[in-house]
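Here the structure is laid out as structure tokens; the discussion comes afterwards.
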Amino acid sequence: MNDAARNRAIDAPVVVEVGLGDRGYDILIGPGLLDRAGEEIAQRLPGTRAAIVTDENVATAHLATLQAGLDRGGVASTIITLPPGEKTKSFAHLQDVVDGILAARLERRDSVVALGGGVVGDLAGFAAGIVRRGMNFVQMPTSLLAQVDSSVGGKTGINSPRGKNLVGVFHQPKLVLADTDVLDTLPLREFRAGYAEVAKYGLIDRPDFFVWLEKNWRDVFAGGAARIEAIAQSCRAKADVVARDEFELGDRALLNLGHTFGHALEGAVQYDGARLVHGEGVAIGMALAHRFSARMNLASPDDAARVEAHLQAVGLPWRMADIPGELPGAEALLDFITQDKKVSRGTLTFILTHGVGQAFVAKDVPASEVLAFLKESHPA
Ligand code: NAD
């Protein structure tokens with residue numbers, strides 16, 4: 001084997017398959033994938049042209065590399081750049097993306113390529129799902145959160161003024177290229193936020209993975225093999241759930257562990273990323289879900305303490321008091337939760353747990369219990 005071939009073998013990406021039959025696809029995880037994007041895309045989608053949708057931060061750091069990579073593979077591209085941040089997941093920016101795709105005269109067999117975090121992926125995926133009744137879609141996730149969660153599984157969409165992720169479609173990508181090199185430019189705070197979703201897979205039903213993370217999280221943060229391993233494990237976990245329940249009629253809801261409390265907190269700070277980003281909301285939400293489960297005598301308080309300790313060790317917020325500035329009161333937080341959910345006769349559906357790695361869907365959780373718990377946990 002010559003040097004080039006050897007380097008290529010060392011750098012060969014980990015491949016995780018999403019088993020959805022004729023809509024199945026590969027997730028490639030490893031270094032250097034932006035450089036090889038043209039080759040990987042052209043192989044699977046011969047003759048396709050691309051609209052790269054990205055945000056200003058990611059464009060500055062990585063767009064030139066991707067464009068050169070697409071050029072090398074003979075994939076012609078046009079670029080649509082958006083402002084960064086959760087507020088971009090809006091009707092106004094959806095219109096910008098749709099206009100950009102149509103202005104470039106792309107057709108159904110052409111591809112929308114999302115180069116960015118979960119915001120870009122959700123928005124670009126939605127546009128790909130609706131322009132010309134569905135175009136090809138390729139995810140090139142650049143945040144840890146997007147690499148381990150949002151780029152896999154086909155949920156796309158935007159926020160409505162009435163709530164988060166309320167408008168969207170299921171539209172699976174044809175390919176996910178998770179280039180682990182790009183994480184080197186991701187701010188530490190955002191890396192940590194993505195790590196919350198990594199830990200989530202352990203907490204749902206992979207207790208051994210959680211133990212591994214407790215031991216190895218420093219190496220995951222440092223980069224290299226442990227980081228790739230954590231991303232691959234997370235993608236396998238997500239791919240398994242998605243293959244079992246693509247449209248969230250059952251099990252897939254478990255992926256929402258921590259999200260009911262987390263979304264309420266994001267709403268309560270009006271999606272102000274300076275105060276709370278999505279993954280941080282999930283971290284606090286997971287800690288609250290474990291504490292609430294202990295309060296309901298469903299799990300041991302030791303498990304809640306273990307989760308809180310791990311989140312704290314990695315530097316994530318884990319309680320409401322960690323959010324800077326004032327929060328609305330417990331009643332108002334409950335309003336955010338009930339807006340997000342169907343309330344039937346005063347009861348709610350939550351993801352609760354019997355302990356680390358034993359999450360379950362709990363129907364009929366009394367709203368009065370949630371309110372009492374929010375009052376106890378509220379910093380005011
Ligand atoms: P994000 O897209 O806002 O990215 C976070 C920040 O990091 C942004 O400022 C972005 O510009 C910057 N960034 C991203 N990659 C970078 C890089 N490599 N270098 C430098 N800066 C970089 O947020 P996110 O945390 O990636 O995603 C959160 C969104 O994902 C939320 O809207 C959430 O609802 C959604 N989400 C969707 C799913 C799904 O299944 N579709 C799952 C989980 C979360």
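Since every read-out is calculated from the coordinates, none of them should be taken as a lab result. Quick caveat: nothing in here was measured; it's all calculated off a predicted structure. Here the Cβ positions follow ideal geometry from the backbone for every residue, glycine too, while neighbour counts run over all protein chains shown.
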Computed about the Cα centre, the charge dipole of region 3-186 from +1 Lys/Arg and -1 Asp/Glu charges at the Cβ has a magnitude in debye, to the nearest 20, of 700 debye
Which residues qualify? For PHE360, with a placed amide H closer than 5 Å and at least 5 residues away or on another chain, they are LEU352, THR353, HIS354
Scalar couplings 3J(HN,Hα) for region 28-34 by Karplus 6.51 cos²θ - 1.76 cosθ + 1.60 (θ = phi - 60°), nearest whole Hz, x for Gly and Pro, are 9, 10, x, x, x, 6, 4
Sequence order, region 182-198: Karplus ³J(HN,Hα) from phi using 6.51 cos²θ - 1.76 cosθ + 1.60, θ = phi - 60°, Hz rounded, Gly and Pro as x, gives 5, 5, 5, 9, 6, x, 3, 4, 6, 4, 4, 4, x, 4, 4, 6, 4
The long-range amide H neighbours of LEU82, using H built 1.01 Å from N in the peptide plane and a cut-off of under 5 Å, are THR54, ASP55, GLU56
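Below 8 Å, C-alpha to C-alpha, sequence gap of six or more: please give me the relative contact order for region 182-314 in percent. If you can, show how the numbers build up before the last one.
Values: 122 pairs, mean separation 32.7, N = 133.
Once divided by the residue count of region 182-314, the mean separation gives 25 percent.
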Residues other than GLY315 with Cβ under 10 Å of its Cβ, Lys/Arg counted +1 and Asp/Glu -1, net out at +2
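In the neighborhood of SER151, defined by Cβ-to-Cβ distances under 13 Å, what is the net charge if each Lys or Arg adds +1 and each Asp or Glu adds -1?
Numbers: positive: LYS155, LYS174, LYS238; negative: ASP26, ASP122, ASP149, ASP179, GLU197.
So the environment of SER151 carries a net charge of -2.
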Phi angles of region 360-366, converted by Karplus (6.51 cos²θ - 1.76 cosθ + 1.60, θ = phi - 60°) into ³J(HN,Hα) in whole Hz with x for Gly and Pro, give 8, 8, 9, 8, 6, 7, x
The aspartates and glutamates whose Cα lies under 16 Å from the Cα of LYS89, excluding any fewer than 8 residues away in the same chain, are ASP55, GLU56, ASP99, ASP122, GLU266, ASP272
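With +1 on the Cβ of every Lys and Arg and -1 on the Cβ of every Asp and Glu, and nothing else charged, how large is the dipole of the chain about its Cα centre, in debye rounded to the nearest 20?
Numbers: 39 positive and 47 negative charges, 134 e Å.
I would put it at about 640 debye.
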Taking Rh as the Kirkwood radius computed over alpha-carbon pairs of the chain and applying Stokes-Einstein at 20 °C with viscosity 1.002 mPa s, one gets a diffusion coefficient in µm² s⁻¹ of 102 µm²/s
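Mind putting a number on the dipole of region 230-380 about its Cα centre? Charges go on the C-beta only, +1 for Lys and Arg and -1 for Asp and Glu, and I need it in Debye to the nearest 20. Mind showing how you got there, number by number?
Details: 14 positive and 19 negative charges, 49 e Å.
Computed about the Cα centre, the dipole is about 240 debye.
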With the charge dipole of the chain built from beta-carbon charges (+1 for Lys and Arg, -1 for Asp and Glu) about the Cα centre, the Cα from GLY100, ILE284, PRO31 projecting farthest to the positive end belongs to GLY100
Within the under-13-Å Cβ sphere about THR65, not counting THR65, Lys/Arg +1 and Asp/Glu -1 give a net charge of -3
By Cβ neighbour count within 10 Å, fewest first, ARG189, ARG105, ARG275 rank ARG105, ARG189, ARG275
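Please state the relative contact order of region 140-216 as a whole percent: Cα pairs under 8 Å, 6+ residues apart?
Details: 81 pairs, mean separation 26.0, N = 77.
Computed value for region 140-216: 34 percent relative contact order.
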Per 5 angstrom bin, beginning at 0 and ending with the bin that holds the maximum distance, the Cα pairs of region 197-377 fall in percents of 1, 8, 17, 21, 21, 17, 10, 4, 1, 0, 0
Here the relative contact order (percent) of the chain, from C-alpha pairs under 8 Å and at least 6 apart, is 14 percent
Given Cβ charges of +1 for Lys and Arg and -1 for Asp and Glu, the option among SER150, LEU186, SER160 whose Cα lies farthest towards the positive end of the dipole of region 146-187 is SER160
Relative to the chain, whose Cα atoms define the longest principal axis, helix 118-130 and its Cα axis are tilted in degrees, nearest 10, by 60 degrees
Along principal axes, largest first, the alpha-carbon spread of region 68-185 in whole Å comes out as 44, 34, 24
Taking every C-alpha to C-alpha distance in region 152-219 and binning by 5 Å from 0, the per-bin percentages run 4, 12, 13, 16, 23, 19, 9, 3, 0
Of all DSSP beta bridges with both partners in the chain, the antiparallel percent, nearest 5, is 40 percent
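Pairs to check: LYS87/LYS155; LYS164/LYS215; LYS87/LYS215; LYS200/LYS363; LYS164/LYS200. Give those whose C-alpha atoms are more than 24 Å from each other in this structure.
Correct reply: LYS164/LYS215; LYS87/LYS215.
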